[in-house]
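Each reported figure results from applying straightforward, stated rules to the coordinates on display, with no laboratory input. Just so it is clear, the structure is predicted and the values come from calculations on it, not from any experiment.
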Amino acid sequence: MASISKRGDYQYQATVRRKGFSKQCKTFETERDAKNWAKVIESEMIRGVFVDRSELERTTLGELLERYEHEVTVDKIGARQERSRIKQWKAHPLALRPLASLKAVDFSKYRSAREKEVGANTVRLELALISAMFNHAKKDWSMPVENLIKDIRAPKVPAGRERRLVGDEEKRLLEAASAARSNPHQLKTAILLAIETGLREGRLAGLQWEQIDLREGVVWVMTKDEEHKQRSVPVPLTEKAVELLRALPRDISGYVFGRAFPTAQALGNAFRRARDRAGLTNLTFHDLRHEAASRMAPRMNMPTLAKVMTWKTLQMAMRYYNPTAGELVAAVRATA
């Protein structure tokens, strides 16, 4: 049954008690609003469609992000990158809002404003984080929260990049890396390893010697399978890659690049400084992964290339394999 009690000027508390349900309370400015709310809640309980939203009313978006970071993000391969996105969200005014007050339009406005500040893919990843968090909260934590992200327009992400090293760009980039004021040998080696193996900057920066088997010629990295479970997979090393690794000094930290690049950001910053000194434009560290895939592709079939690059689908091969016109001509003539 429902009861209405006056708690002060413009404060009417409605309380609904019904067997089989937890007590529901809410305060309104008018007695009419309190009664109307109580009628709705009682009706939903009678019809068996009532959903207790009290947890959503007392939990903010920031608090849910905090829990997700500590219980879910911590076990992810890309935990460092996701923590950075969580930090961005927690600094936004939406983080102070109770979950029950959030609407799809709030995230739509966030998307539109954020697109003016950063790239579309960055916005896509930030929204994907919230979407994954809402889904996890509903399925694993039994919170009556809906995925509001699925109701808004996704950011328009540009088509896949096809930037590769052309002409003497590789030579100029390596010369600029060798001229770096700090850790020139490590930077040049990291760039060459990226071209030889296709390893991303995050994996290179966090690479430890215990992951490397120089005798077998492989690097063991963690990835996720189709069921999103982590597993260790081998990334083969070319003979040149083995030589590059053997030439690196062993640091007591156990990391391949020691203290030179403690994070992916540190390696990325060093790369960008070298790139700018070399006078190269529109080149990212990740483009070296495209370069590696495109160089390997003519020498192996696509399923093998997918295994080498740790792709889950063959469609990824088409995204990363960006042959030049000359390479396509050479491939056709090699079959003649």
How large is the direction-averaged shadow of the alpha-carbon convex hull of region 51-92, in nm²?
3.5
Any chance you could check the Cα centroid distance between region 91-144 and region 149-228 for me, in angstrom?
29
Amide H contacts under 5 Å for residue 235, placed H, 5+ residues apart:
219, 220, 221
Tell me, rounded to the nearest percent, the portion of alpha carbon pairs in region 58-151 spaced more than 18 Å apart.
40
Cα-based equivalent ellipsoid of region 2-52: semi-axis lengths in Å, sorted from largest, via gyration tensor
21, 10, 7
Specify the residue with the greatest mean-square fluctuation among 101, 54, 22, computed from a Gaussian network of the chain linking alpha-carbon atoms under 10 Å apart.
22
Return P(r) of the chain (all Cα-Cα pairs; 10 Å bins starting at 0; whole %; ordered from short to long distances).
5, 19, 24, 21, 13, 7, 7, 4, 0, 0
Within straight-line cross-link reach of residue 171, lysines at Cα separation under 19 Å, skipping those fewer than 8 residues along the same chain:
188, 240
Kindly express, to the nearest 10 degrees and within the range 0 to 90, the angle between helix 31-47's C-alpha long axis and the longest C-alpha principal axis of the chain.
70
Give the angle, between 0 and 90 degrees and rounded to the nearest 10, that separates the Cα long axis of helix 79-90 from the longest principal axis of the Cα atoms of the chain.
40
Can you grab the distance from the C-alpha centre of region 235-256 to the C-alpha centre of region 281-315, Å, no decimals?
21
Taking the chain as a Gaussian network, Cα atoms linked when under 10 Å apart, which of 293, 260, 247 shows the biggest mean-square fluctuation?
247
Helix 184-197 against the longest principal axis of the chain: what's the angle in degrees, Cα atoms only, rounded to the nearest 10?
80
If you look at just the Cα atoms of region 197-330, how large are its Rg and its Dmax in Å?
15.8, 49
Given a 10 angstrom Cα cut-off, can you work out which residue in 302, 45, 222 is the most mobile in a GNM of the chain?
45
Just to check, using Stokes-Einstein with a Kirkwood Rh over alpha carbon pairs, what's the diffusion coefficient of region 156-269 at 37 °C and 0.692 mPa s in µm²/s?
213
